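Engineer: The following block contains the structure, expressed as structure tokens.
Each value in this text was obtained by applying a stated rule to the coordinates, not by laboratory testing. Since the structure is predicted, the reported quantities are computational estimates derived from the model, not experimental observations. Quick reminder, even Gly has a Cβ in these numbers, built from the backbone with ideal geometry, and neighbours come from all protein chains shown.
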Amino acid sequence: HDAHPMGMLVSSVGALSTFYTEAKHIFDQELRKKQTYRLIAKMPTLAGFAYRHSIGMPYSYPDNDLSYTGNFLNMMFKMTELKYKPNPVIEKAFDVLFILHADHEQNCSTSAMRGVGSSHVDPYCAVAAAAAALYGPLHGGANEAVLRMLMEIGSKDKVPEFIKKVKEGQGKLMGFGHRVYKNYDPRAKIIKQIADNVFQVTGRNPLLDIALELERIALEDDYFIKRKLYPNVDFYSGLIYQSMGLPMDMFPVLFAIPRTSGWVAQWEEMLLDSEQKIARPRQIYQGAAKRDFVPIDKRRPVSPLL
Ligand SMILES: CC(C)(COP(=O)(O)OP(=O)(O)OC[C@H]1O[C@@H](n2cnc3c(N)ncnc32)[C@H](O)[C@@H]1OP(=O)(O)O)[C@@H](O)C(=O)NCCC(=O)NCCS
């Protein structure tokens, strides 16, 4: 029960490869479509089951009457009611969050999907590799880092002191800056609106005031303006998930569900590219040309490992 839900997701989606053995026929268009549907449909189920397992709750099975996100909420939060009715505001929020997270160019996990997929392995194994890449804190973990930062700051009046430290090079303002966007991340703008709607249902997340103050000060500060640092997609999403009662361990899982459609679309595009070959970056060795070594008969004996 104490396994990380993302670890459960990575291994269980990889295991699907052994259930659907026809998935290895990746150049059969019909079979490829079938695995695509399966992957997009099964990721929320695996995620929901991983969550229920981690909190010691019985699994809640999919309900075909519900929407994609409504059904996901059912698999996460259904208790003893006979029919789960998702809250429309939360359902809509997940819809928007899932759309915003569906694809985003050649990020680390998408590159992993393409790199691994280029060996012509089945899509379940390739998605397991992509999800493993997303598990890393530099990729799928940024919204968790934002929450930890907000908790560390603790209150609105400590914000100026924190900003000062960031400007002195002591740490970063998490949820700010982007490798590609050098302006306000358009996704962050939408997520901020969604946050307001969600908080009306769940109650206001007390960390929101700290986040708003951070954003206000940073957007007026020369350090951030000069470096073109604006809030990114992760700045508000963690606050939303936390106010819904979701543990931080689930954040990368919530990212993996919608990103599966992006991974699979990118995988198919790669497969159908007639110029695509197996991914094989070349390496230029720049290490030592010659290295000293001690011949085996001159080496000191070491005691065998017990
Ligand atoms: C996302 C990120 C990796 C992009 O980095 P990048 O485009 O390569 O930017 P650089 O690392 O070249 O940084 C440029 C300058 O801005 C500063 N900077 C970048 N992001 C910063 C941040 N979040 N807080 C404070 N300073 C930051 C750098 O220290 C650097 O300053 P310098 O020119 O004085 O050395 C980076 O902005 C970051 O680490 N952000 C915080 C983590 C985060 O939110 N990640 C989720 C991304 S969706």
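Engineer: Once phi is turned into ³J(HN,Hα) by the Karplus curve 6.51 cos²θ - 1.76 cosθ + 1.60 with θ = phi - 60°, what whole-Hz value does each residue of the range 29-36 show in order, with x for glycine and proline?
Structural biologist: So the J values, rounded to whole Hz, are 4, 5, 5, 5, 5, 4, 5, 4.
Engineer: Let me ask something additional. Of the candidates Ala288, Ala41, Ala128, which one comes out as most mobile in a Gaussian network treatment of the chain with C-alpha springs shorter than 10 Å?
Structural biologist: In the Gaussian network model the winner is Ala288.
Engineer: Sticking with this one: Work out which chymotrypsin sites (Phe, Trp or Tyr not before Pro) in the chain are exposed loop sites (DSSP not H, G, I, E or B, at most 11 other Cβ within 10 Å) and give the longest gap free of them.
Structural biologist: On the way: sites that count: Phe27, Tyr285, Phe293.
Here the longest segment lacking exposed loop sites spans 28-284.
Engineer: Just to be sure I understand: with springs between alpha-carbon atoms less than 10 Å apart, which residue in Gly203, Gly14, Gly169 has the highest mean-square fluctuation in the Gaussian network model of the chain?
Structural biologist: Judging by the Gaussian network model, the answer is Gly169.
Engineer: Apply the Karplus curve 6.51 cos²θ - 1.76 cosθ + 1.60, θ = phi - 60°, to the phi angles in the range 94-111 and return the couplings in whole Hz, x for Gly and Pro.
Structural biologist: 5, 4, 5, 4, 5, 5, 5, 9, 5, 7, 7, 6, 8, 6, 4, 6, 5, 5
Engineer: If only Cα atoms are counted, what is the Rg of the chain, and what is its Dmax, in Å?
Structural biologist: Computed over the Cα atoms of the chain, radius of gyration and Dmax are 22.8, 76 Å.
Engineer: Now for a different question. Rank these for me by crowding, Ser54, Ser155, Ser111, going from fewest to most other beta carbons within 10 Å. Mind showing how you got there, number by number?
Structural biologist: Numbers: Ser54 18, Ser155 11, Ser111 15.
Sorted ascending by nearby Cβ count, the order is Ser155, Ser111, Ser54.
Engineer: Normalised by the number of residues in the range 140-290, what is the relative contact order in percent for Cα pairs under 8 Å and 6+ residues apart? Could you put the intermediate results ahead of the total?
Structural biologist: Numbers: 130 pairs, mean separation 49.1, N = 151.
With pairs under 8 Å counted, the relative contact order is 33 percent.
Engineer: To make sure I understand, if each residue's beta carbon is the centre and we count other beta carbons within 10 Å, what order do Thr21, Thr69 fall in, fewest to most?
Structural biologist: Details: Thr21 9, Thr69 22.
Sorted ascending by nearby Cβ count, the order is Thr21, Thr69.
Engineer: For the chain, calculate the relative contact order in percent as a whole number, restricting contacts to Cα pairs under 8 Å that are 6 or more residues apart.
Structural biologist: Numbers: 353 pairs, mean separation 75.5, N = 306.
Answer for the chain is 25 percent.
Engineer: So if I take the centroid of the Cα atoms in the range 226-268 and the same for the range 13-29, what is the distance between those two points in Å?
Structural biologist: 27
Engineer: Kindly provide the trypsin sites (Lys or Arg not before Pro) of the range 225-304 that DSSP labels as loop, not H, G, I, E or B, and whose Cβ sees at most 14 other Cβ atoms within 10 Å. All intermediate terms of the calculation are to be shown ahead of the outcome.
Structural biologist: Numbers: sites: Lys226, Arg227, Lys228, Arg259, Lys277, Arg282, Lys290, Arg291, Lys298, Arg299; in loops: Arg227, Lys228, Lys277, Arg282, Lys290, Arg291, Arg299.
Answer by residue number: Arg227, Lys228, Lys277, Arg282, Lys290, Arg291, Arg299.
Engineer: Next question. Starting from the amide H of Phe176, placed 1.01 Å from N in the peptide plane, find each other amide H under 5 Å away whose residue is 5 or more places distant or on another chain.
Structural biologist: Asn232
Engineer: Here is a follow-up. With a 10 Å Cβ neighbour count serving as the proxy for reagent exposure, in which order, fewest first, do Val96, Val127, Val159, Val201 appear?
Structural biologist: Numbers: Val96 16, Val127 31, Val159 22, Val201 13.
Going from sparsest to densest Cβ surroundings: Val201, Val96, Val159, Val127.
Engineer: Calculate one ³J(HN,Hα) per residue across the range 168-175 by plugging θ = phi - 60° into the Karplus curve 6.51 cos²θ - 1.76 cosθ + 1.60, and present them in order as whole Hz with x for glycine and proline.
Structural biologist: Each residue's phi maps through the Karplus curve to give 7, x, 8, x, 10, 8, 5, x Hz.
Engineer: Mean-square fluctuation check for the chain, GNM, Cα pairs under 10 Å: which of Pro137, Pro281, Pro160 is largest?
Structural biologist: Top of the fluctuation ranking is Pro281.
Engineer: Mean residue ellipticity at 222 nm from the helices of the chain, using -39,500 (n - 2.57) per DSSP H segment of n ≥ 4 over the full residue count, to the nearest 500 deg cm²/dmol?
Structural biologist: Result for the chain, helices only: -18000 deg cm²/dmol.
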